[in-house]
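Read-outs throughout are calculated quantities, based only on the coordinates presented, and are distinct from any laboratory measurement. Please read these numbers as outputs of a predicted model, since none were measured by experiment. In this analysis, Cβ positions are derived from the backbone assuming ideal geometry, glycine residues included, and neighbour counts consider all displayed protein chains.
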Amino acid sequence: MKKKDYWNKPSMDLWERLYIFEIIRGLCITGAVFFGNMWKWVTFRKGALTAYYPEELRADYSSANRGRHILTQRENGQVQCVSCNMCATVCPAYCIEIQSAADFDDPFHPKSPDRFEIDYSRCIFCGFCVEACPEDAIRMSKDTPNFPGFDRDNMWGAQDLLMNWQPNRDPAKRYPDARQALQEVHP
């Protein structure tokens with residue numbers, strides 16, 4: 001049984017059914033763009049530019065470009081994060097995993113991350129984690145080294161990489177040293 005034809009069924013005329021003419025038309029458009037860019041390049045005008053990444057960075061990158069995450073450190077070298085999980089909660093891609101550890105010797109930081117990992121194969125680089133952090137513990141740099149890859153197991157940013165890639169020891173929220181604070185509270 002033959003299906004019913006729709007009243008608005010598209011029909012191709014003879015010109016469209018002969019695909020060779022459409023292929024030639026597409027090659028003409030592509031060639032015009034290619035030779036136009038080539039002429040601009042030969043005459044030293046701005047045409048198509050190639051940046052040899054990572055040796056060269058494009059000059060037209062936005063100043064607000066978001067790249068790899070960085071965990072800030074306190075003066076003593078420990079991570080500024082207090083494992084509040086606000087960054088993991090606000091993340092729309094659910095790519096941040098934090099496992100907390102208790103440190104009761106430090107009254108200002110009773111919790112710290114035992115494991116802090118970001119799955120870069122799922123991260124969409126929205127920056128919500130940076131905005132949500134109340135401790136200024138996570139930031140994003142403009143650089144994006146070694147992101148392209150073929151192995152998903154290597155696309156995890158572990159805590160040691162996030163702290164030691166570009167060490168940053170200038171958190172906006174500073175705390176006194178734990179031993180000094182304990183001596184002031186309990187002389």
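Cβ crowding within 10 Å, taken as a proxy for footprinting-reagent exposure, orders Ile98, Ile20 from fewest neighbours to most as Ile20, Ile98.
By the count of other C-beta atoms within 10 Å, a proxy for reagent exposure, Thr89, Thr72, Thr50 are ordered fewest to most as Thr50, Thr89, Thr72.
Ordered by the count of other Cβ atoms within 10 Å of each Cβ, fewest first, Val90, Val42 give Val42, Val90.
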